[in-house]
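Written below as structure tokens is the structure these notes are about.
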Number of protein chains: 2
Amino acid sequence: MTRFVSTRNIRFLITEVFDAGALTAHPYYDRHTPKMFDMVIDEAVTLATQLMYPVLADMDRHPPVLENGQVKVHRAVKKFMAEFGKGGWIASGFPEAHGGEQIPLVIRSAVSFVFAASNYSAAAYPELTAGAAELITSFGSRHLIDTYVPPMLAGRWQGTMALTEPQAGSSLSDITTTAFQDAGGRFKIKGVKTFISAGDHDGVENVVHLMLARIENAPPGAKGISLFVVPKKRLDDKRNLVSNDVTTASIYHKLGYRGTPAAELSMGEKDNCFGWLIGEENKGLAHMFQMMNEARILVGLASCAIASAAYHAALEYAENRPQGRPVTRKDPLTEQVPIIAHADVKRMLLFQRSVIEGGLGLIMQCAMYADLIRVSAGKEKEGYQLLLDLLTPVAKAFPSEYGFLAASSAIQCFGGYGYCEDFPVEQYLRDIRIQAIHEGTTGIQGMDLLGRKLVMKNGRAGILLLKELDHTIQAAQPFSGLVPAAQALADAKQLLETVAGALLKIAGQGKIDAFLADATLFLEFFGLIVISWQWLIQGIAAEKALAASPSRKEERFYRGKLYAMHYFFRYELPKIHGLSVRLMDGDHLTLDMDPAYLTDY
Amino acid sequence: MTRFVSTRNIRFLITEVFDAGALTAHPYYDRHTPKMFDMVIDEAVTLATQLMYPVLADMDRHPPVLENGQVKVHRAVKKFMAEFGKGGWIASGFPEAHGGEQIPLVIRSAVSFVFAASNYSAAAYPELTAGAAELITSFGSRHLIDTYVPPMLAGRWQGTMALTEPQAGSSLSDITTTAFQDAGGRFKIKGVKTFISAGDHDGVENVVHLMLARIENAPPGAKGISLFVVPKKRLDDKRNLVSNDVTTASIYHKLGYRGTPAAELSMGEKDNCFGWLIGEENKGLAHMFQMMNEARILVGLASCAIASAAYHAALEYAENRPQGRPVTRKDPLTEQVPIIAHADVKRMLLFQRSVIEGGLGLIMQCAMYADLIRVSAGKEKEGYQLLLDLLTPVAKAFPSEYGFLAASSAIQCFGGYGYCEDFPVEQYLRDIRIQAIHEGTTGIQGMDLLGRKLVMKNGRAGILLLKELDHTIQAAQPFSGLVPAAQALADAKQLLETVAGALLKIAGQGKIDAFLADATLFLEFFGLIVISWQWLIQGIAAEKALAASPSRKEERFYRGKLYAMHYFFRYELPKIHGLSVRLMDGDHLTLDMDPAYLTDY
């Protein structure tokens, strides 16, 4: 059977590291049991294996086409959406009041990980639908909820996020799609949106866009943006679906992520497109960020997932491909060894594993914070929220950047075969490359982390995180095998305080451009330390399990886990030394340099 | 006009940095003048622009097909080969005695750079042919030279390197293709070769494989490998081309580099395949390494070239795409700025430029050493050879690894558009990914550098390189703007000696596996220092030019050059600190870890 995830590792994270079962003590989650969580994961693996993975390559080879104004996608999509609706997968995290099952996000994240690892393009359709439906339940009127949410959760209607415009990608404050007041909370919509994932397709009856637009005469910039529901087809008075004047102008031919169309949409070409306001006027960006923040974490999760699929392909190949001999035994008459015996191949596999499992740990951590926010109150709740806000850009960017390198490393394990379509790794490299771009580029995440999250509320989020690090460093002390890693994390924490302090001093002098010039590099620096923290948490769980005399098979898992942890501390964390040299450097050449110097003609 | 290279930078390297004109003082090169070198470059740019770049995307979209045993390639290939033959481009570096023009390698490298930047797949056909023909002239009999070389240099016959077999990629000592003695230096050949670039196609009349095989009963391993000419069609007694029983079994569908077929070839299925021995029996691997070493440098060159094309696309986009505002001026009523105004975009562009121009500098340096080897003698010649040998793995691996990151960075400059086929950068990312794999993976280059080149002849190559570094550090002293960079290089050199010393001590203890475990990381560490050295050389040339009061346009070029240099010193070189921490770490977890620990099922 093809493997694309380690279910053993998922169980390890859910049960041994994060103790998701403890959530069931809270009334909101009390209809679940830890055993049920396990069953959910197992079902997800079955569905992914039977339905999604088998069409991974076929969806890539037969991307969507636009015919007579209708986007046609792989016929499997219709089946996925029906199956995901019927099986309650889209609804699983929703409150019971909305037809959901109130499954904690930490479990749903594990499920999303499995789906994205099996077939990222396929997984995007239901994920987008769930996010859009959630936004409607959060800010929509009863009428809007009743109209849109049930068919979306049933997988009959697709949901999207419609933010980007041709002239406004990273700079959302410059969107120009306009909403003209009509009657009863209804608006006429005119404008163009681009790169809308699943923005149109024939696998569903309707497509529901959660769209940002400016109400006519709204204030300029971000303060004049509102959120609307703009369906492809609207219900007429007799509750029949009729065209809502949303036209698919084109779809993009992409490097990867080919199973999901990225559409350019034109609204109101016949002056007959209507949208319904969601939430407050001019608060659209803030509302949208509920979905966006979840989407960002899902991007990080999908990055770990695609890298996981690539890793398992590389691992299987490395175990079975004979090539070369140990450097200490060159005799050509002796048998070749499987390439996994070579130190450099083990290094590449450990790199991949450390990125995937470290990144997944961070995302599970974020999901736990989100679940705890729901069941806590006051200062505690606020603390979880701050930590979640702080870690969101890291959870998005670190896996998408390092996951790309991990997928490339998987290709390298295969050698020439990895460059060919005979193995899936070349597709994984193409699929994963979108992750550092969509839902906010890595540059945007860096600015968010340094320019917003670290300074908000007098830096309280950062202070809370340092406490979390201290807590973990302390918890590692009883395990002699972990002491060097704990010390390395303590040193890294010290360096983080030094570097952040130096940068904040620049900000304090009002030099905001200098403060933010290397925000992307600060994000990497910060990310390496955060992932190390997550690895130490996992190391503690593994040492605890080993102390309880597990079976030989289990022991192998825990020892492998510890090797991956040590790998991250000894090969990846040291990168902070180079980054800190750069971040503490007083020069600001990227600010100072006139862009004309790059032009030599 | 589409730009894929900076001709200003090529002139800078040839004339101001390496003074290639001085070569014409040597009799072997004395029919040339510096002005002629300039004309050659200009002609190459014209040919690349008019003939090769226009079919870049089309060759990618219409890859080779295998029909009835014949590989059919894009129809432009036939035109390229004819044009390259007619224009003397394949022959240009050959001695006049073989119909060539004795153009120095440093100039031919610049030409190869231009061709590969315009269309890497297209450039591969003539490059492979030139390399194969050169090998025949070096080791073949007069008869073989007369038979094969003229049609190859004329672009009528394709040349290939046929080394890899399905069971023997990185481990060449395990090849099994067998040569059975026939008569008159002729052998019957039986075996299978795979991943043979341009291994069969209909753009030429014949394909000439420079093939490694074992003569029956030869010693096992590398010491029993011989080199043969094995044509697709051989000449019969009447000098007609007849089949030589070389069958194309299949071609690969690849991530990129799609314009050039990678073929699996079967020799002697009808027991009617003949090959002709080149050079000495059982010395085939050493002979082949003449072509392989040049091919490795060409891989590095092509990496710089593809990254250059991606950079110029990203630069043009960044100059013209308005998006966002300076962080110090957020007012949404003000106009958006071109994204090149953002520090993070400048950082990404400087990263690309510093990799491309630093890498190209190293390759030009290697070419100069090769040219000087030809015209020098004794100790001097030996010194150049040692430096060339030492730097070859770096010139291959550094640009192929960092060039891949540069191409990915070019995509990032485009945002979502970079992920789409509307712009060429997604193809560049796919094309460049092969470079870290073919002609010896990065892992193989690391082993070559640390395990062979640094220790050969009592480490004399390394000592010579350190002297070169000292020389450059001294030469930088008169320029106050370069002193910090010179000091950084001096410090890096010190660190290199420390790290290399520590590793060689491990080797001295006989722990060869520990010595080589992180050879890939040592290669990166070493490469960062070598590229910094090249950047300082370029910085000195730029400072000298600035001191001579150039025109404003010229001043802009030199100031840009210095910014790129400072970028490399301040952002890339510091990575050696993290790498040195790793390389000096006493643990050897990739050696110690039982591979079974990676398996958790």
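Tabulated data for the structure shown
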item: Search result, residues across the stretch A:251-263 that are in contact with a strand residue (DSSP E or B) (Cβ under 9 Å, 6 or more places away or on another chain) and open to solvent by 40 Å² or more (accessible area, probe 1.4 Å); result: A:253
item: Single unsatisfied condition, residue B:316 versus (1) among the acidic types (Asp, Glu); (2) in contact (Cβ under 8 Å) with a residue 24 or more places away in the chain; (3) more than 10 Å from chain A (Cβ to nearest Cβ); result: (3)
item: Residues of the stretch A:548-575 that turn out to be at the interface with chain B (Cβ under 7 Å from one of its Cβ atoms) and open to solvent by less than 20 Å² (accessible area, probe 1.4 Å), as a count; result: 5
item: The lone exception for residue A:425 - which of (1) open to solvent by 10 Å² or more (accessible area, probe 1.4 Å); (2) closer than 30 Å to residue B:406 by Cα it fails; result: (1)
item: Selected residue [within 18 Å of residue B:171 (Cα to Cα) and either within 13 Å of chain A (Cβ to nearest Cβ) or touching a Gly at 6+ places or on another chain (Cβ under 8 Å) (or both)] from B:411, B:437; result: B:437
item: Qualifying residues in the stretch B:578-601 (those that are touching a residue at least 24 places away in the same chain (Cβ under 8 Å) and facing chain A (nearest Cβ under 7 Å)) - the one surrounded by the fewest Cβ atoms within 10 Å (Cβ to Cβ); result: B:591
item: Boolean, residue A:321 is within 14 Å of chain B (Cβ to nearest Cβ) and open to solvent by 10 Å² or more (accessible area, probe 1.4 Å); result: yes
item: Residue within the stretch A:475-493 that is within 30 Å of residue B:342 (Cα to Cα), open to solvent by 10 Å² or more (accessible area, probe 1.4 Å) and assigned to a helix (DSSP H, G or I) present; result: yes
item: Every residue from the stretch A:30-80 that is more than 30 Å from residue A:248 (Cβ to Cβ) and more than 24 Å from the chain's Cα centre (by Cα); result: A:30, A:31, A:32, A:33, A:34, A:35, A:36
item: Of residues in the stretch A:244-263 being outside any strand (DSSP E or B) and of a type in the set (D, E, K, R), the one nearest to residue A:229 (Cα to Cα); result: A:245
item: Test for residue A:545: is it more than 11 Å from chain B (Cβ to nearest Cβ), touching a residue at least 12 places away in the same chain (Cβ under 8 Å) and in contact with a Phe, Trp or Tyr (Cβ under 8 Å, 6 or more places away or on another chain); result: yes
item: Test: residue in the stretch A:300-311 that is among the hydroxyl-bearing types (Ser, Thr, Tyr) and surrounded by fewer than 22 Cβ atoms within 10 Å (Cβ to Cβ); result: no
item: Residue within the stretch A:444-451 that is among the hydrophobic types (A, V, I, L, M, F, W, C), away from chain B (no Cβ under 12 Å) and either surrounded by fewer than 23 Cβ atoms within 10 Å (Cβ to Cβ) or more than 20 Å from residue A:590 (Cα to Cα) (or both) present; result: no
item: Boolean, residue B:467 is surrounded by fewer than 24 Cβ atoms within 10 Å (Cβ to Cβ), without any contact (Cβ under 8 Å) to a residue 60 or more places away in the chain and away from chain A (no Cβ under 11 Å); result: yes
item: Identity of the residue in the stretch A:269-290, open to solvent by less than 10 Å² (accessible area, probe 1.4 Å) and not in a loop (DSSP other than H, G, I, E, B), that ends up nearest to the other protein chains (Cβ to nearest Cβ); result: A:284
item: Qualifying positions in the stretch A:132-176 - β-branched (Val, Ile, Thr) and either without any contact (Cβ under 8 Å) to a residue 40 or more places away in the chain or more than 14 Å from chain B (Cβ to nearest Cβ) (or both); result: A:136, A:137, A:145, A:147, A:149, A:160, A:164, A:176
item: Qualifying residue in the stretch A:393-407 (condition: touching a Pro at 6+ places or on another chain (Cβ under 7 Å) and touching a residue at least 12 places away in the same chain (Cβ under 8 Å)); result: no
item: Residue list for the stretch B:372-401, filter: in contact with a Ser or Thr (Cβ under 8 Å, 6 or more places away or on another chain) and within 28 Å of residue A:403 (Cβ to Cβ); result: B:397, B:399, B:400, B:401
item: Residue match in the stretch B:423-431 (condition: more than 10 Å from every other protein chain (Cβ to nearest Cβ) and assigned to a helix (DSSP H, G or I)); result: yes
item: Identity of the residue in the stretch A:177-210, on the phi < 0 side of the Ramachandran plot and within 14 Å of chain B (Cβ to nearest Cβ), that ends up nearest to the chain's Cα centre (by Cα); result: A:197
item: Residue that is of a type in the set (A, V, I, L, M), touching a helix residue (DSSP H, G or I) at 6+ places or on another chain (Cβ under 8 Å), free of Cβ contacts under 8 Å to residues at least 40 places away in the same chain and open to solvent by 10 Å² or more (accessible area, probe 1.4 Å), where the choices are A:343, A:377; result: A:343
item: Candidate set: the stretch B:101-149, residues that are open to solvent by less than 10 Å² (accessible area, probe 1.4 Å) and outside any helix (DSSP H, G or I); chosen: the one nearest to residue B:204 (Cα to Cα); result: B:119
item: Matching residues, the stretch B:192-249, being surrounded by fewer than 20 Cβ atoms within 10 Å (Cβ to Cβ), hydrophobic (A, V, I, L, M, F, W, C) and within 19 Å of residue B:159 (Cβ to Cβ); result: B:235, B:241
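The values are calculated or read from the model by the stated rules, or taken from the named source; none is laboratory data. Predicted model, so just to flag it, every value in this text is computed and none were measured. When we count neighbours, we look across all protein chains shown, and the Cβ atoms used for this are built from the backbone with ideal geometry, even at glycine. Ligands, DNA and RNA are excluded from the accessible area calculation, which covers all protein heavy atoms including side chains. Shrake-Rupley method; radii C 1.70, N 1.55, O 1.52, S 1.80 Å.
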